[in-house]
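The values are calculated or read from the model by the stated rules, or taken from the named source; none is laboratory data. Since the structure is predicted, the reported quantities are computational estimates derived from the model, not experimental observations. Cβ coordinates were reconstructed from backbone atoms using ideal geometry, including for glycine residues, and neighbour counts include every protein chain displayed. Side chains included, ligands, DNA and RNA excluded: accessible areas come from the protein's heavy atoms. Shrake-Rupley method; radii C 1.70, N 1.55, O 1.52, S 1.80 Å.
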Number of protein chains: 2
Amino acid sequence: MARPVTTKARARATYRHGDLRRALLEAGIALARDGGPEAVVLREATRRAGVVPNAAYRHFASRQDLLNAVRAAALAAVARAMEAELAAVPEGTPEEVARFSLRAIGLGYLRFAEEEPGLFRTAFAVPGGLEVGADPSSRGESGLGPFQLLGDALDKMVAAGLLPPERRPGAEFLAWSAVHGFAMLVLEGPLHGFGPAERREIGARVIEMVEKGLEVPRPAVSRKASPAKRGERALDLGQGEAASQSEA
Amino acid sequence: MARPVTTKARARATYRHGDLRRALLEAGIALARDGGPEAVVLREATRRAGVVPNAAYRHFASRQDLLNAVRAAALAAVARAMEAELAAVPEGTPEEVARFSLRAIGLGYLRFAEEEPGLFRTAFAVPGGLEVGADPSSRGESGLGPFQLLGDALDKMVAAGLLPPERRPGAEFLAWSAVHGFAMLVLEGPLHGFGPAERREIGARVIEMVEKGLEVPRPAVSRKASPAKRGERALDLGQGEAASQSEA
DNA sequence: ATGTTTTGTGGACAGCGTACACAATACGGC
DNA sequence: GCCGTATTGTGTACGCTGTCCACAAAACAT
């Protein structure tokens, strides 16, 4: 309602929608919010926009294209959740700020996963693949996406001397792995048996784990006892295994 | 081919398939292997089994039911990948065995994710939810599912004195979070820019992080400075937010 | 006012999951 | 061996989906 007609507001004819693209995007976001990515159905979005199915193709190349736009919006929402948490970080020494910033990032992430599971899954549980910083519409208020916000927090930790610079490269993946994995477990069921308080407790331990994992300069465990043969083949098994591993 | 006919092998009439359920399951597994869960299409499975679409309904209540069976098989495959890695753990002191068992679990998990992304995603990236130990057909050779295997490894660590007993509850979620999250990042794209060697390096650091995170008895960081107001409001974005968060 | 570009409509198609009625086969009791 | 019954695969059909095409209406440039 009250769409901004481009020239003269000839109120009778609804042929021109005014801002169909936005309407479709918002319908898609609403669908994703309750139902996740698979609920983003093109025809349903057009239905909600009060328009014939094919009209969508004037604004999105395909359902996947619409879904990508919804995903960008969901990523932006994740970024905003992080920013909201960052804004609550109290003043203090650079060390404190850095440490609590990292924590805030993690908490914002988990908070969003728990409160907006549909959008969260849309943002991340994507079959096709995920470009971390590509789409500019996936940023938060600060103009940064979730991934950049995490990187910033880690940079602050380096500056504050909490994270050895040589451990900085790849550190976002350590942090992201732990928190993202936890969010996935929460969403996918394994932690549904736990109450919210227990989940938060475990979530806090996950974040602690990240902090611990980043701080140590080198593993205390010597790898001397590591079996030689595993070092060689490492992660490639390759042939023969995949062929026979269907369930009998 | 060469299906075991139940009574007399009247080779001409193919009306009775022999073991359609198994054929459908294997077709479903094949579909999931290259294409992930969304590629498990009921009609295509029946096509591959050489049967009319509705025949599937004599063996599976719905597409979702077939998908669940495929998922169980995929979980069993994950368990077998873990077991294969466990079998390579060398003899040694209980501490060594315990530590390397945990590492083997993680490596097996990551190895499977990298080698069988389709099956891995089918096993875990499930919209509906995931029962960790429910289905008996989701176990490996040892009769244990992936989750129980991890639990066993952690129990071994407690027995070896590497993990304080009071930290044992919930520990599988810490470990699982980190490794599962890393696997997801590998599958979903963010780490596609890295070569296999770098991915393995980061994966190893993730596992180190888990080990570090489990060993420490209590967090060194006091939480005194945590902002109070955050406890109250938690996460309500609610109104007006979705409306304005589309990219213009 | 007129021609061009943009945007929404109408109709169609193949593919999907699934429901119902029906036919072919296997099995259990005689 | 025969026959009723339960099992399992077939045929047809419906509504849903994403997408293509030709066409019409509105907006814009001239």
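Numbers for the structure displayed
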quantity: The stretch B:51-80, residues that are more than 11 Å from DNA strand D (Cβ to nearest atom), within 18 Å of B:Ala30 (Cβ to Cβ) and aliphatic (A, V, I, L, M); calculated: B:Leu66, B:Leu67, B:Ala69, B:Val70, B:Ala72, B:Ala73, B:Ala74, B:Leu75, B:Ala76, B:Ala77, B:Val78
quantity: Odd one out for A:Val158 among (1) under 22 Å from B:Glu198 (Cα atoms); (2) β-branched (Val, Ile, Thr); (3) modelled with pLDDT under 85; calculated: (3)
quantity: Residue that is farthest from A:Phe124 (Cα to Cα), among those in the stretch A:25-44 that are near DNA strand D (Cβ under 8 Å from one of its atoms) and buried (at least 21 other Cβ atoms within 10 Å of the Cβ); calculated: A:Leu42
quantity: All positions within the stretch B:54-97 that are touching a residue at least 40 places away in the same chain (Cβ under 8 Å) and acidic (Asp, Glu); calculated: B:Glu83, B:Glu95
quantity: Residue in the stretch A:70-97 that is nearest to the other protein chains (Cβ to nearest Cβ), counting only those that are acidic (Asp, Glu) and more than 15 Å from A:Leu150 (Cα to Cα); calculated: A:Glu96
quantity: Subset of the stretch B:59-69 [part of a helix (DSSP H, G or I) and more than 9 Å from chain A (Cβ to nearest Cβ)]; calculated: B:Arg63, B:Gln64, B:Asp65, B:Leu66, B:Leu67, B:Asn68
quantity: Members of the stretch A:10-58 that are more than 9 Å from DNA strand C (Cβ to nearest atom), of a type outside the set (A, V, I, L, M, F, W, C) and in a loop (DSSP other than H, G, I, E, B); calculated: A:Arg10, A:Arg12, A:Asp34, A:Gly35, A:Gly36
quantity: Some residue of the stretch A:98-108 being more than 7 Å from chain B (Cβ to nearest Cβ), of a type in the set (Phe, Trp, Tyr) and in a helix (DSSP H, G or I); calculated: no
quantity: Test: B:Ala61 is out of contact with any Asp or Glu (no Cβ under 6 Å at 6 or more places or on another chain), among the aliphatic types (A, V, I, L, M), within 12 Å of DNA strand C (Cβ to nearest atom) and open to solvent by 40 Å² or more (accessible area, probe 1.4 Å); calculated: yes
